[in-house]
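The values are calculated or read from the model by the stated rules, or taken from the named source; none is laboratory data. Treat the numbers as computed from the prediction; the structure is a model and nothing was measured. A quick note on method: Cβ atoms are made from the backbone with ideal geometry, for glycine too, and the neighbour counts reach across all protein chains shown.
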């Protein structure tokens, strides 16, 4: 009986994880959803279900997602926005951080990261259950130092934060190079990462096309991208396709395993 229940739950997992993106697209278009609601639909729905199914890993994966995503949003979104890479035209909140960063961006990256990690823990990993690994200090301290340097520049000489091809350089240093470095040390993890990333590639693509259709964010055609991708009549930078669709989930998992899990 126990095995039958387990098989049923696995089938239910698969059914819901196929249904959620379809429902998110339909509801977002019907409701003409804003950035916040679209984010909650696409990444909130799978996060809620998988959190219910993997309760013992919720605190650990949520804490890591917060520590990883919030500082990265702060640095990357400010630089990319003032550098003319992208812009979120509408926010439901009464303010933007430093008048630049919409609060939705923090919610988006946190939920996107958390959904990747809870998916990974539920289906593919049997990681350590301790709330935070002692190696996390090697991530937290660089974030703190980077934040101090960033804030100093922000108030002393903010023009230095305007960077041509900002999306490419941000993706290269924060997403691509860390993922490649971690995987070069622990290549056995690649197969698990690819399985997770395959699902989130589809989810990210649907989220992107839906968001562009609803004008939840825009990319400036200012020559500061290394290329463009056109799909179903929508156009977005190659950097978005590569750093977010292809390698985004792999990078999050690489940080997670290296700093906060058992690397197995």
The stretch 165-254: helices (runs of 4 or more DSSP H) wholly inside it with 3 or more residues that are touching a strand residue (DSSP E or B) at 6+ places or on another chain (Cβ under 8 Å) are 190-213
Tell me which residues, restricted to the stretch 142-173, are under 24 Å from residue 221 (Cβ atoms) and either surrounded by 13 or more Cβ atoms within 10 Å (Cβ to Cβ) or in contact (Cβ under 8 Å) with a residue 60 or more places away in the chain (or both). 161, 162, 163, 164, 165, 166, 167, 168, 169, 170, 171, 172
Just need a number here: residues in the stretch 84-130 that are under 29 Å from residue 164 (Cβ atoms), in a loop (DSSP other than H, G, I, E, B) and touching a residue at least 40 places away in the same chain (Cβ under 8 Å). 7
Given (1) more than 19 Å from residue 197 (Cα to Cα); (2) at pLDDT 95 or above, residue 53 misses just (2)
